[in-house]
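Below: one structure, written as C-alpha cells.
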Amino acid sequence: MHAITNSGWIEVITGSMFSGKTEELLRRLRRAEIAGQNVAVFAPALDDRYGEATVGSHEGRKWDAMAIDTENDGEWDIVDELDGEEVVAIDEANFFSPTLVEVCEHLAEDGRRVIATGLDLNYRGEPFEPVPQLMALAEYVEKFQAICAVCGEPATRTQRLVDGDPAHVDDPTILVGADESYEARCRNCHTLRTD
C-alpha cells in the first residue's frame, strides 16, 4: 500500500464475520506503532464481547480501545477524545450511525490516517450502513473473505443462526454475537427464514 504523505486518508477493511478484519486492523496498528506513530482506537460500547474497552479478534488478540456510545450519536466523541494521534482506528463501524462518515471525513481532512473495519453486509445480505458509504469515500478498501461453514467456498455473507436454524428476515438487524450466533456463508449457502 502506497502511503499518502501530503494529507490524511481513509482505509476500510470489510468482509463477512470470521474473515480476519480485526486481525488485519491489529496488524496495521502494530505496524503504525513500530513506525513511531501515535494511535487512538475506538469501538462501539454495545460490542463488549472482548471487554468493555477492548478491540478483540476471534483469534484472541486484543488492543485497548475507547468505547463510544453509538446509541446516542456519540460519533463526534471520537474527535473530542483525540490528543494529536496520527492514526485513528474504528472497529465495528457497522454499529455506528451514518454520522461516522462525516467524522471520518473530518479526521482525514485534518491530516489523519483513519482505519475503519466493519461488515459491509448485514445478516440479510443487504448493505450494512455506514460501511458501504465509507467504502465509497475511502482511498483504500480491502474486502476479506471467510470460508463457508457449509460448503468450503469463499464466504462473503454472514449467516445469523437462532438455535441452529437461519434467522428470520424480520429479526432485528443488530445482534452482537460470535460463533454461537453467526457463521460465514457463501452466496449459495446463505439463507433466511421467511415463514
query: All but one of (1) surrounded by 16 or more Cβ atoms within 10 Å (Cβ to Cβ); (2) more than 16 Å from the chain's Cα centre (by Cα); (3) closer than 18 Å to Ala32 by Cα; (4) not aliphatic (A, V, I, L, M) hold for Asp83; which doesn't?
result: (1)
- request: Identify, by number, the condition in (1) modelled with pLDDT of 95 or more; (2) assigned to a loop (DSSP other than H, G, I, E, B); (3) more than 16 Å from the chain's Cα centre (by Cα) that Glu129 doesn't meet.
  value: (3)
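Yes/no matrix, rows are residues, columns are (1) in contact with a strand residue (DSSP E or B) (Cβ under 7 Å, 6 or more places away or on another chain); (2) among the small types (Gly, Ala, Ser); (3) closer than 27 Å to Val169 by Cα:
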| residue | (1), (2), (3) |
| --- | --- |
| Lys62 | yes, no, no |
| Thr70 | yes, no, yes |
| Leu82 | yes, no, no |
| Glu85 | yes, no, no |
| Ala93 | yes, yes, yes |
| Pro127 | yes, no, yes |
| Ala138 | yes, yes, no |
| Ala149 | yes, yes, yes |
message: Quick check on Gly152: is it surrounded by fewer than 16 Cβ atoms within 10 Å (Cβ to Cβ), at positive phi and part of a loop (DSSP other than H, G, I, E, B)?
response: yes
- prompt: Among (1) under 15 Å from the mean Cα position of the chain (by Cα); (2) assigned to a strand (DSSP E or B), which single condition is Met135 missing?
  reply: (2)
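Scanning segment 120-133 for residues that are in contact with a helix residue (DSSP H, G or I) (Cβ under 6 Å, 6 or more places away or on another chain) and buried (at least 19 other Cβ atoms within 10 Å of the Cβ), which turns out nearest to Glu11 (Cα to Cα)? Before you say what the answer is, go through the steps one by one.
Going residue by residue through segment 120-133, those that are in contact with a helix residue (DSSP H, G or I) (Cβ under 6 Å, 6 or more places away or on another chain) are 120, 128, 130-131, 133.
If we keep only those that are buried (at least 19 other Cβ atoms within 10 Å of the Cβ) too, we end up with 120, 128, 130-131.
Details: Asp120: 14, Phe128: 17, Pro130: 14, Val131: 11 Å.
Taking the candidates together, the pick is Val131.
In this structure, is Glu126 free of Cβ contacts under 8 Å to residues at least 60 places away in the same chain and either farther than 16 Å from Val39 by Cβ or not acidic (Asp, Glu) (or both)? Please lay out each step first, then the result.
Values: free of Cβ contacts under 8 Å to residues at least 60 places away in the same chain: yes; either farther than 16 Å from Val39 by Cβ or not acidic (Asp, Glu) (or both): yes.
Considered against the rule, which asks whether it is free of Cβ contacts under 8 Å to residues at least 60 places away in the same chain and either farther than 16 Å from Val39 by Cβ or not acidic (Asp, Glu) (or both), Glu126 comes out as yes.
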task: Considering each residue of segment 12-26, count those that are buried (at least 23 other Cβ atoms within 10 Å of the Cβ) and at positive phi, and give that number.
output: 1
- prompt: What is the number of the single condition among (1) without any contact (Cβ under 8 Å) to a residue 40 or more places away in the chain; (2) under 18 Å from Leu46 (Cβ atoms); (3) part of a strand (DSSP E or B) that Thr158 does not meet?
  reply: (1)
message: Quick test for you: out of Gly56, Gly60, Gly51, pick the one residue that is over 23 Å from Gln133 (Cα atoms), modelled with pLDDT under 95 and loosely packed, with under 13 Cβ neighbours inside 10 Å.
response: Gly60
- prompt: Pairs, please: C-beta under 6 Å, at least 6 apart or cross-chain, first residue touching a residue at least 24 places away in the same chain (Cβ under 8 Å) and in segment 91-118, second among the aromatic types (Phe, Trp, Tyr)?
  reply: Asn94/Phe128; Ala108/Trp9
query: Given (1) at pLDDT below 95; (2) hydrophobic (A, V, I, L, M, F, W, C); (3) buried (at least 17 other Cβ atoms within 10 Å of the Cβ), where does Met66 come up short, assuming only one miss?
result: (3)
query: Has segment 7-23 got at least one residue that is over 25 Å from Arg185 (Cβ atoms), assigned to a loop (DSSP other than H, G, I, E, B), at pLDDT 95 or above and not β-branched (Val, Ile, Thr)?
result: yes
message: Please go through segment 90-117 and give me each residue that is in a strand (DSSP E or B), of a type outside the set (Val, Ile, Thr) and in contact with a Phe, Trp or Tyr (Cβ under 7 Å, 6 or more places away or on another chain), ordered by number.
response: Arg113
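The values are calculated or read from the model by the stated rules, or taken from the named source; none is laboratory data. Source: prediction; values computed, not measured. Ideal geometry is used to build each Cβ from the backbone, glycine not excepted, and the neighbour counts take in all protein chains shown.
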